[in-house]
1. Against the definition (touching a residue at least 40 places away in the same chain (Cβ under 8 Å) and surrounded by fewer than 18 Cβ atoms within 10 Å (Cβ to Cβ)), how does Glu134 come out, yes or no?
2. Scan the range 398-414 for residues that are open to solvent by 10 Å² or more (accessible area, probe 1.4 Å) and either in contact with a strand residue (DSSP E or B) (Cβ under 6 Å, 6 or more places away or on another chain) or without any contact (Cβ under 8 Å) to a residue 60 or more places away in the chain (or both) and jot them down.
3. Kindly indicate which of Asp633, Asp637, Asp620, Asp647 is farther than 19 Å from Thr461 by Cβ, open to solvent by 60 Å² or more (accessible area, probe 1.4 Å) and charged (D, E, K, R).
4. Where residues in the range 694-738 are at pLDDT 95 or above and among the hydroxyl-bearing types (Ser, Thr, Tyr), which of them is farthest from Lys430 (Cα to Cα)?
5. Residues in the range 543-560: is at least one touching a residue at least 24 places away in the same chain (Cβ under 8 Å), among the hydrophobic types (A, V, I, L, M, F, W, C) and farther than 24 Å from Ala689 by Cα?
6. Read through the list (1) crowded, with 24+ Cβ neighbours inside 10 Å; (2) without any contact (Cβ under 8 Å) to a residue 12 or more places away in the chain, then give the number of the only condition that Ala579 fails.
7. Looking at the range 630-642, can you tell me whether even one residue there is of a type in the set (A, V, I, L, M) and either modelled with pLDDT of 95 or more or over 30 Å from His123 (Cα atoms) (or both)?
8. Given the structure, is Val627 buried (at least 20 other Cβ atoms within 10 Å of the Cβ) and modelled with pLDDT under 95?
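The values are calculated or read from the model by the stated rules, or taken from the named source; none is laboratory data. What you see is a predicted model; the values in this text were computed from it and never measured. Positions of Cβ are backbone-derived with ideal geometry, glycine not excepted, and every protein chain shown enters the neighbour counts. For accessibility, only protein heavy atoms count, side chains too; no ligands or nucleic acids. Shrake-Rupley method; radii C 1.70, N 1.55, O 1.52, S 1.80 Å.
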Amino acid sequence: MAIRVRLPHLITRPGLAGTATRVALICVAVGAILFFTIGGYYYYRYGAIVDERLKHPLFETTAKIYAAPREVRPGQKLGPSEIANELRQAGYTTEGAAQASPLGTYGTSPGSVTVRPGPQSYHSPDPATIRFSEGKVESLTDDHGQALASYELEPLLITGLSEDANRTKRRLLTFDEIPHNLVQAVLAIEDRRFFDHGGVNYTSMIGWAYHNMVGDRKHRGGASTLTMQLAKLLFLSDNGTIKYKLIQIMVAFHLEHRFAKKQIFELYANQINLGQQGSFAIDGFGEAAQAYFGKDVRQLNLPESAMLAGIIQRPNYFNPYRHPERVLERRNLVLDSMVETGAITKDQAESAKATSLHLSSQSVDASEAPYFVDLVRDQLVQKLGERDFNREGLHIYTSLDPDLQRAATAAVNSTMHVVDEQVEKLYERKHRPRKGQPVETGPTAPITYPQVALIALNPHTGQVLALVGGRNYGTSQLNHAAANRPTGSIFKPFVYATAFADSVAGAQLTGHDEPFSQITMLNDEQTTYDVGNQEYTPRNDGDKYYGQVTARFALQMSLNNATIGLASLVGFDRVAGLARQAGVKSARGTPSVAIGSYSATPLEMAGAYTVFANGGLHLDPWMLASVRSPSGDVITDYSPTSKQLLDPRVAYLTTDMLKNVINAGTGFEVRRRGFTAPAAGKTGSSHDAWFAGYTSNLLCIVWVGNDDYTDIKIHGALAAGPIWAEFMKKAVELPQYSDTHDFNMPEGIQMVAIDKATNLPADESCMGATYNAAFLDGTVPTGTCSHPNPDKRNFLQKIFGLGEKKP
C-alpha cells in the first residue's frame, strides 16, 4: 500500500509566486500611472508658467548709474597700473583685443598709457597719452602732441537702477563671450554631462531619492543639472521635497525643449548668483569678473575662471574677500576636476594652483552708495517724470567720486564705535543706582544708538562727491542726509556773516562807534527776549557766561547769548533772510534762529556752507550730470545753479573766524585726532551733534542724532567731529584732494597781529601772546597793545589842556 505524503509548500509555491508577481506588476503599473499622471499634470501646468514667463525678456534692460569721471592732472600720485585698472573697470579693452569695446580701448608701454575713447564713451572720442615718472603723472598730451592741463577718464559703473531695495548687478553675456576655461570649469564641478543629457542626470537623481527617503541629508546632495539649477533660478524656490524635485525636472524638460544647450548655458551664466557686496547681489559671470578681478569676463585666466566656478556652490561661504583660504581650496578642487574631465593637463592645473587669488581692490560697489543712488532716482523722477528708465536702458551720469565714497563709508564704519561708547557710558550713568538706593530689577529701556549722515561736496562746483545716509542700509533705508533736523550751532556763522556784510556796506553796528570786526565786543550775559506773548531766555552750554567778549571768542566757544545778542543788533529777519537764500528754508526772524533752532537737512546745510567756502557764491548741491541713451546720445545735461549771496570779503572774514574754531575752539577735537590741513569749521551740539567744515577744495557735513528725536546729549565735537576728522584725513591722502592749501585772501582784507591781553594790534613792545585776525580795510583798530588809546590832540591842545583826551 502506497503512502502519500503531502508537501503543501512544494505544491503552493508556484501559485504564491504568480500572485506576488501580479501584485508587483500591478504596483509598478499603478506607480507608473501615478508618476505619469502627476508628472503630466506638473509638466503641463508648469509648461504654461514657463510659456508665460518666456513671453517677456528673461533679463530686463537696466538703467545704469555711473560715477563722475576721474580727472587726471600732472603731479598726481598715480601709476600706469592704476590707470589701466580703472579703464578695465570702466569696460575698456586693450588695444589689439579680438573684440574692441565700444566704450574704448587703451594701450600701455613703459611709463605711459594711451587712452582711446570709443563711440559709446561718455566723452568725445579724443585720445590722450598719460606719461608717468617717479610714481607721478608727468604730462598729458592729445593725439597731436599738444599738452593738456587735465584729462577725464571714463566714468565707472556704480549700479543698475533697481525698482526695489534688492539691488542686483548684472552684465549680460553671450555664450561666445564666455571664456572656454570658464565653461569647462563650470561643467567640471557642476554638471559634467551637460551637453549629453536631456536636462536630468538620472543616476544622480536615483541617489538623491534614496538618501532623501532614508533621511540622510549629509550624503543626498542636490543632483541638479545646470538646466535644473536654471529652472530653480528662474521659476522656483527650493524646499527640498520630492514634489519640488519633480516640478524642477518638469521645468527642466521645458527648458531643454525650448532652448539649445548653448542658450541654456548662456542663461545660467547670466543668472547664477556669485556673491554679495554690501546691499548689492552679484549675478552672472560678467558682473562677478568685474567685482572680483576688475576686468572684462573675456580677460579671465584659468585660475580666475576656476575660482568663479568654485563659488557657485555657496557664494557667501566662499566670499574671497572674507575667506580666501576656503576659496583657494575650492578653486584647486575645480582645477583637479578639470584634469579629470580632460579640460586641462595636470601641469596646467599645478601651475594655476601656484597662483594667489589676485583680487582687485573692492570697487565702489563695496562702498555701496545706496543712499546716493536712492536720491539719484528721486531726482530722475522729479526731472524726467515717471518714465521707465530701466526699459529705456538709460545711462545716468552722476557726481559721485568712487574713491571719496569709499573713504566716507570707511570713516563712518570705523568711527561710529567712538559715538556708541559715549552713548553706553551715558546710559550706564543714567541707570546706575545711587548710593543707598536698591538696584532696579525690572526691565529697563534699551539703549538707543544714534544714526549718522555724511555729505562731501566740491565747494566750488556743488558736486556731491560722497554721501552716507545711515549706519547700515540693510537695516534702515531712511536717508538721514535728506532728513530735516535742527541745525544747532553750525547755523551761527550766518549771524556773523550778516554783521560782516554791514561792515562791507559801511554801516556801523547798532550801539557801537565802529563797523563790526572780529574784536567787536559782545555781551555774553544771560538775556531774556520777548517772543510774542512768551519770554525766551537762552542758556549757554553748562550755564557758563563770560560777560564782555570779542566776536571772535564768541564764535570760537560757540556762546549762545553773545551770538543772539549780535543777531538782535543786525536784525533777526536779516539773519533769517540770508539763511533762506542759502537753503535753510525754514529759518524765521526770531531770537532762536541765531542758534539753529530751525531745521534743515544735512544736504541742505552742505549747500548753505558753500557761501563761506566759495567766496560768497552759493551753489545748490547736485548729483545728476547727464542722462544718455544706451548708444551715448545725450538726452539731457544738467548745470548747477548758483547765486552770489555774499561779498567775497565777507566770506573770507567768516572763514577766518571759523579757522579759529578748529585751531583753538570747540572744533579743536579734529586737530587732536590728527587732521592738520588748513581748514575752517563749526561744531553743533543743540539736540543733535553736527560738524560742518571745509578745506580749500572739499566741504564736509557730518550729522549724528537719534531717529526718535531724543537729545543725543553729546557735543558735536565728540560725536560728529571724530567722523569728520577721519574722513578728511583719508580724503587729503587721495591724489585729487592732496593739493589742499590755505584759503585765498581777497583784495580789501588785511591780516593783523592782535595782542591777546588787550585785543589791540601788537607791536614790537608787546610782551604777551598774539594771534592773527583778518580785518576789512579801514576797520583795523587804532592804537597798539603798548599804547591802547593814543592822544590824538595837537601840540597846542596838549600845552593848554584843550580838546578831549580819551581815557
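1. Numbers: touching a residue at least 40 places away in the same chain (Cβ under 8 Å): no; surrounded by fewer than 18 Cβ atoms within 10 Å (Cβ to Cβ): yes.
For Glu134, the condition - touching a residue at least 40 places away in the same chain (Cβ under 8 Å) and surrounded by fewer than 18 Cβ atoms within 10 Å (Cβ to Cβ) - is not met.
2. Passing the criteria: Asp401, Arg406, Thr409, Asn413.
3. Values: Asp637 fails: farther than 19 Å from Thr461 by Cβ; Asp620 fails: farther than 19 Å from Thr461 by Cβ; Asp647 fails: open to solvent by 60 Å² or more (accessible area, probe 1.4 Å).
Of Asp633, Asp637, Asp620, Asp647, the one residue that is farther than 19 Å from Thr461 by Cβ, open to solvent by 60 Å² or more (accessible area, probe 1.4 Å) and charged (D, E, K, R) is Asp633.
4. Ser696
5. Filtering the range 543-560 down to residues touching a residue at least 24 places away in the same chain (Cβ under 8 Å) leaves 547-552, 554-560.
From the residues that got through so far, the ones that are among the hydrophobic types (A, V, I, L, M, F, W, C) too are 549, 551, 554-555, 557, 559.
This time we only want the ones that are farther than 24 Å from Ala689 by Cα, so: 549.
Yes, that holds for at least one residue.
6. With (1) crowded, with 24+ Cβ neighbours inside 10 Å; (2) without any contact (Cβ under 8 Å) to a residue 12 or more places away in the chain applied to Ala579, the lone miss is (2).
7. no
8. Values: buried (at least 20 other Cβ atoms within 10 Å of the Cβ): yes; modelled with pLDDT under 95: yes.
The answer is yes for Val627.
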